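Following: one structure in structure tokens, then a few remarks.
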Amino acid sequence: MSEKIQKVSIIVSKGGLDGVYPGLIMANGARMEGIEANLFFTFFGLDAVLKKRMGKIKVATVGNPGMHMPSLLGILPGVSAMATAMMKRTMDKLDIPPVPEFIEMVSDAGCKLYACKATVDMFKLKKEDFCPQVDSIINVGRFYEIAAGGEIIFT
Amino acid sequence: MAQKLYGATTVDVDAEGFLTDFAQWTREVAAAIAKEEGIAELTPAHWKVIDYIQKDFKENGQVPSIRKLNKSGVISTKELYDLFPGGPAKKAAKISGMKKPEGCV
């Protein structure tokens, strides 16, 4: 067997359920294997750790070819909400928690969470806008320092 | 199939050391596996987790997830990571005599 991965730093750059979950699952999975993990939220990925938004993240039904749904259908009111509700039910059965609970779980598991300084400045956000699990707002340089010696995964 | 001797008990295990026959599990076997996994002593807090995992498996046929352990009030996620450092779900399952958990979370 090749050498075990010791550390991963995962960048979550996309919003929406399909943008946010893969990074969270990979970070949590790393901790479950005893791997050190960091999560760096940037651009619309920040929604996952914003108090106001983290509980309202939906799956995009427009412009998302993976949905197997004509975009015309996707624009109808309630379709995105319905698709999200269906997906959430299925995930709950698989013990994949909703985003706010997942953030808490991955943080309790020892994963460190960071928000991207450039995005915070761009959207005029403050530290108070983030859930308490966010360790700090850091710039790219600091991210590379934290990620040093480990794998970096961009999602 | 591989076998392993823990104290006076020989058990059948898979390639990663998980018991393949729960009937062979004893508390002594659990303590010996724990030592191998770097847990010097199984405390009452460990046993609470082990007992719940076994009970839940009997009822549902599945090793409970970390989330379920937390939600059912057995143990918080933080404490679980403290008790079974370096891979709580896998280690707790192994010590409990269960198969390796298959889920992603």
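Laboratory data are not the source of any read-out in this text; all were calculated from the coordinates shown. From a predicted model like this one, the values you see are computed outputs, not experimental measurements. Using ideal geometry, Cβ is built from the backbone for each residue, glycine included, and neighbour counts are taken over all protein chains shown.
Here is how the number arises for chain A: DSSP H runs of 4 or more residues each give -39500 (n - 2.57), the sum is divided by the residue count, and the result at 222 nm is -11000 deg cm²/dmol. Non-local lysine pairs in the stretch A:1-109, meaning eight or more places apart or on different chains, with alpha-carbon distances under 16 Å, amount to 4. In the stretch B:28-87, the convex hull through the Cα atoms has an average projected area of 4.1 nm², a quarter of its surface area. Across peptide A:28-34, the average count of Cβ atoms from other chains found within 10 Å of a residue's Cβ is 6.
Each label point was placed 7 Å from the Cα along the Cα-to-Cβ direction; for residue B:60 and residue B:10 their separation is 3.6 nm. Remark: A:31, B:67, A:53 ranked as A:53, B:67, A:31, counting other beta-carbon atoms within 10 Å and listing the fewest first.
Relative contact order, whole percent, for chain A stands at 33, derived from Cα pairs under 8 Å and 6 or more residues apart.
The angle between the Cα long axis of helix A:99-108 and the main principal axis of chain A comes to about 20°, on a 0 to 90 degree scale. Applying the Kirkwood pairwise sum to the alpha-carbon positions of the protein assembly as shown produces a hydrodynamic radius of 20.1 angstrom.
Let me make sure I get this right: for the stretch A:90-151, a, b and c are the square roots of the gyration tensor eigenvalues over alpha carbons, sorted descending. Under 1.5 in a/c it's rounded, otherwise prolate if a/b > b/c, else oblate. Which is it? Don't skip to the answer; put the middle values down first.
On the way: a/c = 2.45, a/b = 1.45, b/c = 1.68.
Taking the square roots of the gyration eigenvalues as a ≥ b ≥ c, the stretch A:90-151 is oblate.
Between A:90, A:42, A:61, the Gaussian network model of chain A with springs among Cα atoms under 10 angstrom shows the greatest mean-square fluctuation at A:90.
Considering only Cα atoms, the convex hull volume of chain A works out to 127 Å³ per residue. Percent of C-alpha pairs per 5 Å bin in chain B, short distances first: 2, 13, 26, 27, 19, 10, 3, 0.
Normalised by the number of residues in chain B, the mean separation of alpha-carbon contacts (under 8 Å, six or more apart) gives a relative contact order of 28 percent.
Would you kindly state how much longer the chain becomes between residue A:7 and residue A:128 on full extension, computed as 0.36 nm times their sequence separation minus their alpha carbon distance, in nm to one decimal?
Values: separation 121, 0.36 × 121 = 43.56 nm, distance 2.85 nm.
Stretched fully, the residue A:7-residue A:128 segment lengthens by 40.7 nm.
May I ask you to list the residues of the stretch B:84-105 whose amide nitrogen lies under 18 Å from a point 7 Å from Cα along the Cα→beta-carbon direction of residue B:22? In the stretch B:84-105, the label zone of residue B:22 (backbone N under 18 Å from the point 7 Å along Cα→Cβ) covers B:89-103.
Only the Cβ atoms of Lys and Arg (+1) and of Asp and Glu (-1) were treated as charged; on that basis the dipole of the stretch A:7-154 about its Cα centre amounts to roughly 460 debye.
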